[in-house]
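This report concerns only the one structure given below.
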Amino acid sequence: MKAIQKAAVIGSGTMGSGIAAHLANAGVPCVLLDIVPKGVGPEDGPKKRNQLSIEALKKQGKARPPGFFTKAEASLIEVGNIEDNLDKLTDCDWIIEAVTERIDIKQSLYEKIAPFRRDDAIVSSNTSGISLKILTEKCDDAFKKHFLITHFFNPPRYLYLLELVPGTETLPEVYSTIEKFASETLGKGVVQCKDTPNFIGNRIGVYSMANCAHLTEELDLSFEEVDAITGRIMGRPKTASFSLQDLVGIDVSCFVMENVVKLLPDDESKDVFQPPEIFKRLVKEGRLGRKSGAGFYKKEGKKILVLDRDTFEYREQNKVTFDSLENAKKQKSIGEKIKALISGDDKAAEFAWKHIAGTLCYSARRIPEIADDVVSIDNAIRWGFNWDLGPFEIWDAIGVKESVERMKKDGLDVPPWVESMLKNGRDSFYGHDGQRPTHFNISTGDAAQVPERDGVLLLSDIRASSKPIKSNAGASLWDIGDGVLCLEYHSKMNTITSETLDLIVESVEEAESGNYNGLVVGNQAPHFSCGANIAMLVEAAKAKNYPAIEEMIRAFHRTALAMRYSTKPVVVATQGMSLGGGCEIPLAGHRIQAASETYMGLVELGVGLIPAGGGTRELACRAHEAVAENLEADIFPYIKRAFQTVAMGSVSSCAKEASDLGFLKETDHISMNKDRALADAKRTVNYLAERGFRAPAKRTSVRVAGAPGLAELKVLIHQYESGGHISEYDAYLARNLAYVLCGGEVDDDARVHEDYLLDLEREVFVELCKQPKTHERIEHTLKTGKPLRN
């Protein structure tokens, strides 16, 4: 099968344009076609005839969050329209249909594109629930053999799930080509689904959503109460339930629920899918959620008001307090939080139990109708709805045996296969056979290994089958095979503690002294690291324990130097937030393997400090390296760029922008698939080792901008301050940053040792820790999660 080099998307709505944008993010040229706007004729020209596609791409660029990684990706998309430009499909390897959910429109489109499809080109539909068999009933055999459903979740850039539905006539190589491309190039978690209405994700997810809405009325809870119960405490996104409805669109939710009722007349829970009356009323009144300005919530100024169920007017939100919620918050893991929540005796606990129990039983009853195993359902819900745990993982966490007994007492319909599993002595859906994680195989009644995903290395598998080489409260060191070690953070939010730094140094020493090829520093939490523990720092600062602060910075420096000058390659795998010290550690490695959604930034000025874990020194050294081979080149533009990046607290919106900001170098790499980043980093370690890796030379002669560069930056700072763009204290902090970046008051183009730059970092950092306004900034950030501009 020909590799996919170019794609086309037909339909430039929210999903179609989002898919096109993400193809461009992956570097794949794409054609985006839509209908010609009404009233526009051939004489009006391409710009007006292609208006729908053009405007859709503009919206993707302006969306928050944006569909494109950077503005540059939009240039990979060629716009057109269905009437004039179907010939653009002739050199496309994959054609994606993303038009409105009407069978007649889709079938008519297939007839139109068939003459322009290359014989080996793949065609797919982004339908969210229409049967593949119905879609292709009028197509010829060749078309059917190259057709499948590729159901992206919205927004395509951010949601990990891609449901693939092959037909009975779909060629195996067609399926495998899209599966491989989706995983490796688009960075998707692929789940194969059966050709059933709404597939897996929406079948279970919409049930959970509808069940939640009906229980809200049944138990007479407010919308903010339900959102407090069904948000992060349950391991779900902060948008929880009704805020999520506003985000999705209440009209869209009604359509999806009504569609399930229509397509599944024999579903035993079809009554649950009936949209509640309050949903219908909101749609009738045009209160559709965020897109209309009001739904279950409404923003007025800085306040977020909530809809009152009784008056149908908006009011201020009430503080939500339930004993069961408070007890759940005290627990560590999501599983423990859910178990504590459903074990209470108040209304929140009753709601949580009924909601979870209903969703678990419904999920189990869908096997083997929509999937043959629990793994597919759990992956679809975790990846498509951003739950921390899938239904069967939740069931294991709360205790299958105990919960089934409670379900039966409540009169719930527990599927026979679950009871049979318990009778046969197995009390969990997942386990481990000593080598690989296992799941309960419903068809055989035995345990089966969870299928390995090509190119994916999971630390959870390593943890379940081995013991760490070294471990402390902040991190653990693992042997991940093929001669590679991995240092994993596991503190809260992966903050960097003294224990973390100590173990990184020990891990480098272990790699150097043992029979290893090198070290990966990485984890698979949502965020690589949010930086140092500033709560401990401000305590030490207020206690005037400056020697402890100085030692903390020395520890950071020892760690950065140990990584940089290791005789074995050190590769850092990042994902999510990599901020402050969580950015400085990657900068110290020999390579960075960044997941595409990596948000890097040196944000220390926001808390009244400068980057002092080696970060400021590293940026100064990189400026030197940029002009090292040209003695006539001016180093100041590179210093200025680094200064502005740090002074403005710039954080990359993706890994590609991290490169634009100077955090990633040309030798660093990006993994589109976050679950492949660790394995990619491991391969990079071995690649470097096999090619005779040697530690870089010590930086003993770093060219700096010196006093002249510092003077120029001070002028820039003064302009910002006098223009009212920054506060007096912002300016003070910026001057301290400039002092270190320029190498102090030395002569123009002076040469210094990198240790001198580290000394400047440490001295300035400790001095800033003595300032009351820095204490205020740190405490404000700890309290609110936002920076203070005092």
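Overview of results
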{"item": "Cα gyration tensor category, rounded, prolate or oblate, for segment 196-250 with a/c compared to 1.5", "result": "prolate"}
{"item": "Segment 93-220 - percent relative contact order, Cα under 8 Å, separation 6 or more", "result": "21 percent"}
{"item": "Residues in segment 747-761 that a label on residue 707 would reach, taking backbone N under 15 Å of a point 7 Å out along Cα→Cβ", "result": "747-751"}
{"item": "Those chymotrypsin sites (Phe, Trp or Tyr not before Pro) in segment 288-330 that DSSP places in a loop and that have at most 12 other beta carbons within 10 Å", "result": "312"}
{"item": "Nearest-ten-degree value, helix 706-722 long axis tilted from longest Cα axis of the chain", "result": "50 degrees"}
{"item": "Of the trypsin sites (Lys or Arg not before Pro) in segment 314-409, those whose Cβ has at most 12 other Cβ within 10 Å and which sit in DSSP loop", "result": "319, 330, 332"}
{"item": "Whole-angstrom gap from segment 146-208 to segment 711-790, using each part's C-alpha centre", "result": "49 Å"}
{"item": "Point-to-point label distance, residue 408-residue 725, nm (Cα→Cβ direction, 7 Å offset)", "result": "7.0 nm"}
{"item": "Mean Cα-pair separation over length for segment 32-153, i.e. relative contact order, pairs under 8 Å, 6 or more apart, %", "result": "21 percent"}
{"item": "By average C-beta atoms within 10 angstrom, highest first, the peptides 142-148, 485-491, 300-306", "result": "485-491, 142-148, 300-306"}
{"item": "From the coordinates shown, log10 I(q)/I(0) by the Debye sum over Cα atoms at q = 0.05, 0.07, 0.10 Å⁻¹ corresponds to which of (i) -0.25, -0.51, -1.09; (ii) -0.30, -0.59, -1.20; (iii) -0.36, -0.65, -1.11", "result": "(ii)"}
{"item": "Fraction of beta bridges assigned by DSSP in the chain that are antiparallel (%, nearest 5)", "result": "40 percent"}
{"item": "Inter-centroid distance (Cα atoms) of segment 54-101 relative to segment 593-654, Å", "result": "34 Å"}
{"item": "Accessible area (Å², per residue) of the chain, counting only protein heavy atoms and a probe of 1.4 Å", "result": "43 Å²"}
{"item": "Residue 343-residue 697 pseudo-label distance in nm [points 7 Å out on the Cα-to-Cβ vector]", "result": "6.3 nm"}
{"item": "Residues residue 232 and residue 690, FRET efficiency given R0 of 60 Å [Cβ-Cβ distance, rounded to 0.05]", "result": "0.85"}
{"item": "Overall form of segment 594-665 per C-alpha gyration tensor (a/c, 1.5; a/b vs b/c)", "result": "oblate"}
{"item": "Estimated inter-spin distance, residue 443 and residue 5, nm [label 7 Å along Cα→Cβ]", "result": "3.9 nm"}
{"item": "Efficiency of FRET between residue 90 and residue 138 - r from beta-carbon atoms, R0 25 angstrom, step 0.05", "result": "0.70"}
{"item": "Efficiency of FRET between residue 38 and residue 310 - r from beta-carbon atoms, R0 51 angstrom, step 0.05", "result": "0.70"}
{"item": "Cα gyration tensor category, rounded, prolate or oblate, for segment 359-445 with a/c compared to 1.5", "result": "rounded"}
{"item": "Potential lengthening between residue 551 and residue 770 on full extension [0.36 nm per residue; Cα-Cα distance subtracted]", "result": "77.3 nm"}
{"item": "Loop-located GluC sites (Glu not before Pro) in segment 141-214, at most 10 other Cβ atoms within 10 Å (DSSP)", "result": "none"}
{"item": "Convex hull of Cα atoms in segment 744-788, direction-averaged projection (nm²)", "result": "4.5 nm²"}
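The values are calculated or read from the model by the stated rules, or taken from the named source; none is laboratory data. None of the values given here were measured: they were computed from a predicted structure. Virtual Cβ from ideal backbone geometry, glycine too; neighbours counted across all protein chains shown. Note: accessible area is taken over every heavy atom of the protein model, side chains too, but ligands, DNA and RNA are not part of it. Shrake-Rupley method; radii C 1.70, N 1.55, O 1.52, S 1.80 Å.
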